[in-house]
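First up is the structure itself, then whatever we jot down about it.
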């Protein structure tokens, strides 16, 4: 009694044509070979320019206390970034509440991008272009003889247009 079916482990259809999966695999291999050849010939490296970063937290600022009257962080921004700043200064439980100041300062150029005096909520989007590139310091501080303020902050930094660049 003879067995029906295919001999061997060929994956071709009965008519000898290539299956859809075989065609897809061949296309993928050819595409990878072309990409590898191009990358080798041009010697370009594609690198990620920027990623989305979030800074969030709470800080208690105390007026009259030099060590605790300021909070800041520094971030180097290249070009074409969108910065969304939101912070809140809640009033609950604060008997004497000093005014909170906020500043974004470009250490590279010495230029102040934003300087605000806010008692409650602040929410703003800022677009940084290529000429704005540099090292930025995000600073919250209080002044006055006494009192404390809690600052709840969210800062979102993300590239706006150019996510990838070629480096040769």
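FYI, it's all coordinate maths here, none of it is from the lab. Please read all numbers here as calculations on a predicted model, not as lab measurements. Cβ: placed from backbone, ideal geometry, glycine included. Neighbour counts: every protein chain shown.
At a glance:
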{"quantity": "Fully extended contour minus Cα-Cα distance, from residue 54 to residue 82, at 0.36 nm per residue", "calculated": "8.9 nm"}
{"quantity": "Cα gyration tensor shape of the range 48-162, rounded if a/c is under 1.5, else prolate or oblate by comparing a/b with b/c", "calculated": "prolate"}
{"quantity": "Burial ordering of 127, 150, fewest other beta-carbon atoms within 10 Å first", "calculated": "127, 150"}
{"quantity": "Förster radius 25 Å - calculated FRET efficiency between residue 127 and residue 74, Cβ distance, rounded to 0.05", "calculated": "0.80"}
{"quantity": "Mean Cα-pair separation over length for the range 48-162, i.e. relative contact order, pairs under 8 Å, 6 or more apart, %", "calculated": "48 percent"}
{"quantity": "Cβ-based exposure ranking for 25, 61, in which fewest neighbours within 10 Å come first", "calculated": "25, 61"}
{"quantity": "Proxy reagent accessibility, fewest Cβ within 10 Å first, across 128, 28", "calculated": "28, 128"}
